[in-house]
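S.K.: Okay, here's the structure, questions in a sec.
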Amino acid sequence: MLFDLQSNAKKLQRIKLIVYPTVTFLLCLFQISFVSFIEIGGVSPNLLIILVVWIALTEGQFTALFSAFAIGIIYDIFKLDVIGTNALSLVFTAFVTGFFYREGKSEMIVRSLKFFLIVFIGALSHNLIYYILYLKISEIVFVDFFMKYGVASSLYTTVFSFFPILLSFKRRSVNF
(Lines give C-alpha, C1' and ligand atoms only; values in the text may rest on other atoms or scores of the structure.)
Protein backbone atom coordinates (compact mmCIF):
# COMPACT_ATOMS: atom_id res chain seq x y z
CA MET A 1 0.00 0.00 0.00
CA LEU A 2 2.78 2.42 0.92
CA PHE A 3 4.61 1.50 -2.26
CA ASP A 4 1.53 2.33 -4.35
CA LEU A 5 1.25 5.76 -2.74
CA GLN A 6 4.90 6.49 -3.42
CA SER A 7 4.70 5.33 -7.03
CA ASN A 8 1.54 7.40 -7.56
CA ALA A 9 3.31 10.46 -6.12
CA LYS A 10 6.24 9.92 -8.49
CA LYS A 11 3.87 9.57 -11.45
CA LEU A 12 2.12 12.78 -10.45
CA GLN A 13 5.48 14.61 -10.23
CA ARG A 14 6.43 13.35 -13.72
CA ILE A 15 3.09 14.52 -15.09
CA LYS A 16 3.64 17.96 -13.56
CA LEU A 17 7.06 18.12 -15.22
CA ILE A 18 5.27 17.79 -18.54
CA VAL A 19 2.10 19.81 -17.85
CA TYR A 20 3.63 22.98 -16.35
CA PRO A 21 6.15 23.58 -19.17
CA THR A 22 3.47 22.85 -21.78
CA VAL A 23 1.04 25.28 -20.14
CA THR A 24 3.84 27.84 -19.88
CA PHE A 25 4.63 27.67 -23.58
CA LEU A 26 0.96 27.83 -24.55
CA LEU A 27 0.29 30.79 -22.24
CA CYS A 28 3.37 32.61 -23.56
CA LEU A 29 2.14 32.17 -27.12
CA PHE A 30 -1.38 33.21 -26.16
CA GLN A 31 -0.11 36.20 -24.16
CA ILE A 32 1.97 37.46 -27.08
CA SER A 33 -0.47 36.63 -29.88
CA PHE A 34 -3.99 37.22 -28.61
CA VAL A 35 -4.01 39.23 -25.38
CA SER A 36 -3.31 42.44 -27.27
CA PHE A 37 -6.78 42.07 -28.84
CA ILE A 38 -8.44 42.38 -25.42
CA GLU A 39 -6.34 45.32 -24.31
CA ILE A 40 -8.35 48.17 -22.82
CA GLY A 41 -6.77 51.63 -22.70
CA GLY A 42 -3.26 50.22 -22.96
CA VAL A 43 -3.88 47.77 -20.09
CA SER A 44 -3.92 44.04 -20.67
CA PRO A 45 -4.10 41.04 -18.35
CA ASN A 46 -0.99 38.98 -17.67
CA LEU A 47 -1.97 35.33 -17.67
CA LEU A 48 1.46 34.19 -16.56
CA ILE A 49 0.89 35.84 -13.20
CA ILE A 50 -2.13 33.59 -12.69
CA LEU A 51 0.00 30.54 -13.53
CA VAL A 52 2.67 31.56 -11.03
CA VAL A 53 0.05 32.17 -8.32
CA TRP A 54 -1.50 28.77 -9.10
CA ILE A 55 1.88 27.07 -8.73
CA ALA A 56 2.60 28.97 -5.52
CA LEU A 57 -0.71 27.91 -4.00
CA THR A 58 -0.57 24.26 -5.10
CA GLU A 59 3.15 23.46 -4.93
CA GLY A 60 4.47 25.88 -2.33
CA GLN A 61 6.73 28.88 -2.27
CA PHE A 62 10.03 27.12 -2.92
CA THR A 63 8.85 25.37 -6.08
CA ALA A 64 7.05 28.51 -7.22
CA LEU A 65 10.24 30.59 -7.01
CA PHE A 66 12.10 28.33 -9.43
CA SER A 67 9.07 27.92 -11.68
CA ALA A 68 8.49 31.67 -11.77
CA PHE A 69 12.09 32.31 -12.76
CA ALA A 70 11.87 29.77 -15.60
CA ILE A 71 8.49 31.12 -16.74
CA GLY A 72 9.82 34.69 -16.69
CA ILE A 73 12.95 33.83 -18.70
CA ILE A 74 10.89 31.88 -21.25
CA TYR A 75 8.43 34.77 -21.58
CA ASP A 76 11.25 37.31 -21.95
CA ILE A 77 12.71 35.21 -24.75
CA PHE A 78 9.34 34.82 -26.48
CA LYS A 79 8.52 38.51 -26.11
CA LEU A 80 12.04 39.68 -27.04
CA ASP A 81 12.01 41.76 -23.87
CA VAL A 82 14.97 42.65 -21.68
CA ILE A 83 16.06 39.28 -20.31
CA GLY A 84 15.30 39.00 -16.63
CA THR A 85 12.67 41.69 -16.15
CA ASN A 86 9.73 39.30 -16.17
CA ALA A 87 11.79 36.70 -14.32
CA LEU A 88 12.53 39.14 -11.50
CA SER A 89 8.97 40.37 -11.20
CA LEU A 90 7.47 36.86 -11.40
CA VAL A 91 9.90 35.58 -8.76
CA PHE A 92 8.78 38.42 -6.50
CA THR A 93 5.17 37.47 -7.22
CA ALA A 94 5.90 33.84 -6.33
CA PHE A 95 7.62 34.95 -3.14
CA VAL A 96 4.68 37.12 -2.06
CA THR A 97 1.91 34.69 -2.99
CA GLY A 98 3.81 31.69 -1.65
CA PHE A 99 3.04 32.89 1.86
CA PHE A 100 -0.60 31.93 1.24
CA TYR A 101 0.30 28.28 0.61
CA ARG A 102 -1.22 25.82 3.07
CA GLU A 103 -0.33 22.17 2.62
CA GLY A 104 -3.39 20.09 1.83
CA LYS A 105 -5.65 23.13 1.48
CA SER A 106 -4.70 24.32 -1.99
CA GLU A 107 -7.96 23.21 -3.63
CA MET A 108 -9.97 24.99 -0.97
CA ILE A 109 -8.02 28.21 -1.49
CA VAL A 110 -8.20 28.04 -5.30
CA ARG A 111 -11.96 27.55 -5.18
CA SER A 112 -12.65 30.45 -2.82
CA LEU A 113 -12.74 34.20 -3.14
CA LYS A 114 -9.32 34.25 -1.48
CA PHE A 115 -7.89 33.19 -4.83
CA PHE A 116 -9.03 36.46 -6.41
CA LEU A 117 -7.44 38.45 -3.60
CA ILE A 118 -4.19 36.48 -3.84
CA VAL A 119 -4.06 36.96 -7.62
CA PHE A 120 -4.68 40.68 -7.16
CA ILE A 121 -1.87 40.93 -4.61
CA GLY A 122 0.43 38.92 -6.88
CA ALA A 123 -0.45 40.99 -9.94
CA LEU A 124 0.03 44.24 -8.06
CA SER A 125 3.44 43.18 -6.79
CA HIS A 126 4.44 41.98 -10.27
CA ASN A 127 3.29 45.14 -11.99
CA LEU A 128 4.99 47.47 -9.55
CA ILE A 129 8.33 45.68 -9.89
CA TYR A 130 8.06 45.22 -13.66
CA TYR A 131 6.96 48.74 -14.55
CA ILE A 132 9.28 50.50 -12.11
CA LEU A 133 12.15 49.00 -14.12
CA TYR A 134 10.84 50.93 -17.14
CA LEU A 135 9.77 54.06 -15.31
CA LYS A 136 11.34 57.37 -16.22
CA ILE A 137 10.52 59.50 -13.21
CA SER A 138 10.61 62.82 -15.03
CA GLU A 139 8.11 61.82 -17.73
CA ILE A 140 5.02 60.74 -15.80
CA VAL A 141 3.16 61.38 -12.59
CA PHE A 142 3.51 58.44 -10.17
CA VAL A 143 -0.17 58.43 -9.14
CA ASP A 144 -1.32 58.14 -12.77
CA PHE A 145 1.26 55.43 -13.38
CA PHE A 146 0.23 53.52 -10.25
CA MET A 147 -3.48 53.66 -11.09
CA LYS A 148 -3.05 52.54 -14.70
CA TYR A 149 -0.28 49.96 -14.52
CA GLY A 150 -0.58 49.00 -10.87
CA VAL A 151 -4.23 48.87 -9.95
CA ALA A 152 -6.06 48.70 -13.31
CA SER A 153 -3.76 46.06 -14.77
CA SER A 154 -3.96 44.03 -11.56
CA LEU A 155 -7.75 44.15 -11.56
CA TYR A 156 -7.85 43.11 -15.21
CA THR A 157 -5.58 40.14 -14.48
CA THR A 158 -7.72 39.24 -11.47
CA VAL A 159 -10.82 39.07 -13.66
CA PHE A 160 -9.11 36.40 -15.75
CA SER A 161 -8.32 34.35 -12.65
CA PHE A 162 -11.92 33.18 -12.84
CA PHE A 163 -10.90 30.61 -15.47
CA PRO A 164 -8.57 28.57 -13.21
CA ILE A 165 -11.36 28.43 -10.64
CA LEU A 166 -13.67 26.98 -13.28
CA LEU A 167 -10.94 24.55 -14.28
CA SER A 168 -10.55 23.34 -10.70
CA PHE A 169 -14.31 22.77 -10.39
CA LYS A 170 -14.42 20.93 -13.72
CA ARG A 171 -11.46 18.76 -12.70
CA ARG A 172 -13.16 17.92 -9.41
CA SER A 173 -16.43 16.94 -11.13
CA VAL A 174 -14.55 14.68 -13.56
CA ASN A 175 -12.91 12.79 -10.67
CA PHE A 176 -16.27 11.68 -9.24
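S.K.: Scan the range 17-69 for residues that are surrounded by fewer than 21 Cβ atoms within 10 Å (Cβ to Cβ), of a type in the set (Phe, Trp, Tyr) and in contact (Cβ under 8 Å) with a residue 40 or more places away in the chain and jot them down.
M.R.: Tyr20, Phe25
S.K.: Hey, can you tell me all the residues within the range 12-48 that are within 17 Å of Ile73 (Cβ to Cβ), assigned to a helix (DSSP H, G or I) and in contact with a Ser or Thr (Cβ under 8 Å, 6 or more places away or on another chain)?
M.R.: The answer is Tyr20, Leu47, Leu48.
S.K.: Name the residues in the range 103-118 that are outside any helix (DSSP H, G or I) and not small (Gly, Ala, Ser), would you?
M.R.: Glu103, Lys105, Arg111, Leu113
S.K.: Which of (1) under 26 Å from Ile38 (Cα atoms); (2) at pLDDT below 75 is the odd one out, the single condition Val174 does not satisfy?
M.R.: If we test Val174 against (1) under 26 Å from Ile38 (Cα atoms); (2) at pLDDT below 75, just (1) comes out false.
S.K.: Here's another thing I want to ask about it. What are the residues in the range 70-87 that are under 14 Å from the mean Cα position of the chain (by Cα) and surrounded by 18 or more Cβ atoms within 10 Å (Cβ to Cβ), if any?
M.R.: Ile71, Gly72, Ile74, Tyr75, Asn86, Ala87
S.K.: Are any of the residues in the range 82-102 part of a helix (DSSP H, G or I), modelled with pLDDT under 90 and basic (Lys, Arg)?
M.R.: Checking the range 82-102: not a single residue is part of a helix (DSSP H, G or I), modelled with pLDDT under 90 and basic (Lys, Arg).
S.K.: Still on this structure, please answer the following. Report whether or not Ile121 is part of a helix (DSSP H, G or I), at pLDDT below 90 and surrounded by 15 or more Cβ atoms within 10 Å (Cβ to Cβ).
M.R.: For Ile121, the condition - part of a helix (DSSP H, G or I), at pLDDT below 90 and surrounded by 15 or more Cβ atoms within 10 Å (Cβ to Cβ) - is not met.
The values are calculated or read from the model by the stated rules, or taken from the named source; none is laboratory data. Every value quoted in this text rests on a predicted model; they were computed, and no experiment measured them. In this analysis, Cβ positions are derived from the backbone assuming ideal geometry, glycine residues included, and neighbour counts consider all displayed protein chains.
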